[in-house]
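Trainee: I'd like to ask you about the structure that follows.
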Amino acid sequence: MSHGLTPEPMTARKSPALKGVVRVPGDKSMSHRAMMLGLLARGRTETSGLLEADDVLATARACEALGARVERHAPGQWSVIGAGLGSLLTPRDTLDFGNAGTGTRLMMGIVGGHDVTATFDGDASLRKRPMERVLAPLRQIGAEVLSSGEGGRLPLTLKGARDPLPITYVTPMASAQVKSCVLLAGLNAPGHTVVVERVVTRDHTETMLQGFGATVTTVDDPAGGKRITLHGQPNLVGQKVAVPGDPSSAAFPLVAALLVRGSEIMIEGVMLNPTRTGLFTTLLEMGAQISIENHRLSGGEAVGDLVVKASDLQGVEVPPERAASMIDEYPVLAVAAAFAKGTTRMRGLHELRAKESDRLAAVAAGLAANGVRHRVEGDDLIVEGGQGQIAGGGTVETHLDHRIAMSFLVMGLVSERPVTVDDTAMIATSFTGFGALMNSIGARIGD
């Protein structure tokens, strides 16, 4: 159910060929970071293409509460005026992040590296998500957890370090959020803060920190993975940030166009950072017809227009090391695999259990509700493809998870019978206007 409000169920029905040109909302990861670095930088940061979804708006409110001036000038056009590192104010009220796990964990890093105290909270889903993964390194830096929910969960009051210490931290899991939390906390510490990650994760924090004036170096670690070093107490200066389209949001119209017979669409201005394109790689291996036009750089990121044509997909094995580059896309990949020929095995999905819901369990339940043969073996999901034909007709429990909702609405566009999801209110956390965008190219999504 949704955020304590009346649930908003929605149904998707078998659709005619999808046609047209669309532009998905701005990248959520970059939007969060543009707001936060604007808070920490001196002067004005101007952002275009900002994702105006609930998650990012929660981060904007938190930045204001911590002392920045945040202004909206036009759709996607925002400015943040900050006073520089060390200038944060203790917020008067609780920082309510709604459903935003990224916003919460990254802002804990910022608070943890400053001499302020803040209380973090969120919706029922966010209160279930593990926070100890970021609290452990923050304690090493000198922060203190004054109170928390069971197991270090929200609601949680964090007292930042008066004199933050530089640390070297080996991340115990593949998590860009943990890496980013440590780097953001280390900004206000002297010396070098080092993060070692055994599996490479999305690198937006490192790239954007450099754009704002920090010195960040990334080298191969002798034991494997990457070693990221941040030079502490940089002079961060406000910048202009252009946010490209979110590849995680592009996944939904892209997979829909691959599956609905006769479809051909273009998705304009999608970020193509190689740490985010694991889904595209996997779909190409499955036989998808996806081409890139107008390849360019925007906001320091590779961007392109994706041309997608309906394709006959084949089952593949997805290696575990690819998970970090497509962790949010496994639900919609499972939908694509359901309509493929043969078996698709997705390996090493343990991190799916720690997302907005236990996504592995939620995906499996959604597949079962719609007649898709599958099984879960440990942390692997195995989907037996229906060679283009799936019965559908089920109602899917979303568990407050926007990506579960959108993925199974895509399924309904292709299955023989309609597919209903029990709630869609939470889709606004990442993809405001999802239904309208899909229907603009011919999808049949509605009440």
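The values are calculated or read from the model by the stated rules, or taken from the named source; none is laboratory data. For clarity, every value in this text was computed on a predicted model and none was experimentally measured. Counting neighbours? That spans all protein chains shown, and the Cβs are built from the backbone with ideal geometry, glycine included.
Trainee: Of all residues in region 66-87 being buried (at least 24 other Cβ atoms within 10 Å of the Cβ) and without any contact (Cβ under 8 Å) to a residue 60 or more places away in the chain, which is nearest to Cys181 (Cα to Cα)?
Mentor: Applying the filter and picking the extreme gives Ala68.
Trainee: What's the number of the condition Arg375 fails, among (1) among the basic types (Lys, Arg); (2) buried (at least 23 other Cβ atoms within 10 Å of the Cβ); (3) under 21 Å from Gln314 (Cα atoms)?
Mentor: (2)
Trainee: Being more than 21 Å from Ala100 (Cβ to Cβ) and under 26 Å from the mean Cα position of the chain (by Cα) is true for just one of Ala362, Ala323, Ala391. Which residue is that?
Mentor: Matching residue, one of Ala362, Ala323, Ala391: Ala323.
Trainee: (1) among the hydrophobic types (A, V, I, L, M, F, W, C); (2) surrounded by fewer than 17 Cβ atoms within 10 Å (Cβ to Cβ); (3) not assigned by TED's automatic domain parsing to the domain that holds Asn188: which one isn't true of Val237, the others all being true?
Mentor: (3)
Trainee: For region 26-89, which strands (runs of 3 or more DSSP E) that fit wholly inside it have 2 or more residues that are over 25 Å from Ala250 (Cα atoms) and not assigned by TED's automatic domain parsing to the domain that holds Leu236?
Mentor: So the answer is none; nothing clears 2.
Trainee: Which of the residues that make up region 293-305 are under 14 Å from Asp27 (Cβ atoms) and at pLDDT 95 or above?
Mentor: Val303, Gly304
Trainee: Taking the condition under 24 Å from Leu437 (Cα atoms) and in contact with an Asp or Glu (Cβ under 8 Å, 6 or more places away or on another chain), does Gly20 pass?
Mentor: no
Trainee: Right, something else. Do we have Lys14 as modelled with pLDDT of 95 or more, of a type in the set (D, E, K, R) and under 25 Å from Ala362 (Cβ atoms) here?
Mentor: yes
Trainee: Would you list the strands (runs of 3 or more DSSP E) that sit entirely within region 98-187 and hold 2 or more residues that are touching a helix residue (DSSP H, G or I) at 6+ places or on another chain (Cβ under 7 Å) and buried (at least 23 other Cβ atoms within 10 Å of the Cβ)?
Mentor: Answer list for region 98-187: 117-121.
Trainee: Condition (residue is charged (D, E, K, R), within 25 Å of Leu95 (Cβ to Cβ) and crowded, with 17+ Cβ neighbours inside 10 Å) applied to region 191-198: is it met by at least one residue?
Mentor: Taking region 191-198 as the starting set, the residues that turn out to be charged (D, E, K, R) are 197-198.
Applying the additional criterion that residues be within 25 Å of Leu95 (Cβ to Cβ) yields none.
So far as region 191-198 goes, no, none of its residues is charged (D, E, K, R), within 25 Å of Leu95 (Cβ to Cβ) and crowded, with 17+ Cβ neighbours inside 10 Å.
Trainee: Let me ask something else about it. Within region 188-227, can you find the residues that are of a type in the set (A, V, I, L, M, F, W, C) and in a loop (DSSP other than H, G, I, E, B)?
Mentor: Ala189, Val199, Val200, Phe212, Ala214, Ala223
Trainee: Residues in region 223-233: is at least one more than 17 Å from Ser325 (Cβ to Cβ) and modelled with pLDDT under 95?
Mentor: Looking for residues that are more than 17 Å from Ser325 (Cβ to Cβ) and modelled with pLDDT under 95, one finds at least one in region 223-233, hence yes.
Trainee: Return the total of residues in region 319-347 being over 18 Å from Gly386 (Cα atoms) and assigned to a strand (DSSP E or B).
Mentor: Residues in region 319-347 being over 18 Å from Gly386 (Cα atoms) and assigned to a strand (DSSP E or B): 0 in total.
Trainee: Still on this model: Determine whether region 252-263 contains at least one residue that is under 29 Å from Thr171 (Cα atoms) and either in contact (Cβ under 8 Å) with a residue 24 or more places away in the chain or surrounded by fewer than 20 Cβ atoms within 10 Å (Cβ to Cβ) (or both).
Mentor: Scanning region 252-263 turns up no residue that is under 29 Å from Thr171 (Cα atoms) and either in contact (Cβ under 8 Å) with a residue 24 or more places away in the chain or surrounded by fewer than 20 Cβ atoms within 10 Å (Cβ to Cβ) (or both).
Trainee: Kindly indicate whether Ala364 is surrounded by fewer than 16 Cβ atoms within 10 Å (Cβ to Cβ), assigned to a helix (DSSP H, G or I) and at pLDDT 95 or above.
Mentor: Values: surrounded by fewer than 16 Cβ atoms within 10 Å (Cβ to Cβ): no; assigned to a helix (DSSP H, G or I): yes; at pLDDT 95 or above: yes.
For Ala364, the condition - surrounded by fewer than 16 Cβ atoms within 10 Å (Cβ to Cβ), assigned to a helix (DSSP H, G or I) and at pLDDT 95 or above - is not met.
Trainee: Let me ask something additional. When you scan region 426-444, do you find a residue that is of a type in the set (Ser, Thr, Tyr), within 17 Å of the chain's Cα centre (by Cα) and in a helix (DSSP H, G or I), even just one?
Mentor: For region 426-444, residues of a type in the set (Ser, Thr, Tyr), within 17 Å of the chain's Cα centre (by Cα) and in a helix (DSSP H, G or I): present.
Trainee: May I ask you to say which residue of Glu351, Glu377 is farther than 15 Å from Ala12 by Cα, of a type in the set (Asp, Glu) and free of Cβ contacts under 8 Å to residues at least 40 places away in the same chain?
Mentor: Only one candidate passes the filter, namely Glu377.
Trainee: From the list Ala176, Ala214, pick out the single residue that is assigned by TED's automatic domain parsing to the domain that holds Gly103 and within 15 Å of Gly109 (Cα to Cα).
Mentor: Ala176
Trainee: Looking at Met271 and the list (1) modelled with pLDDT of 95 or more; (2) within 30 Å of Ala391 (Cα to Cα), which single condition is not satisfied?
Mentor: (2)
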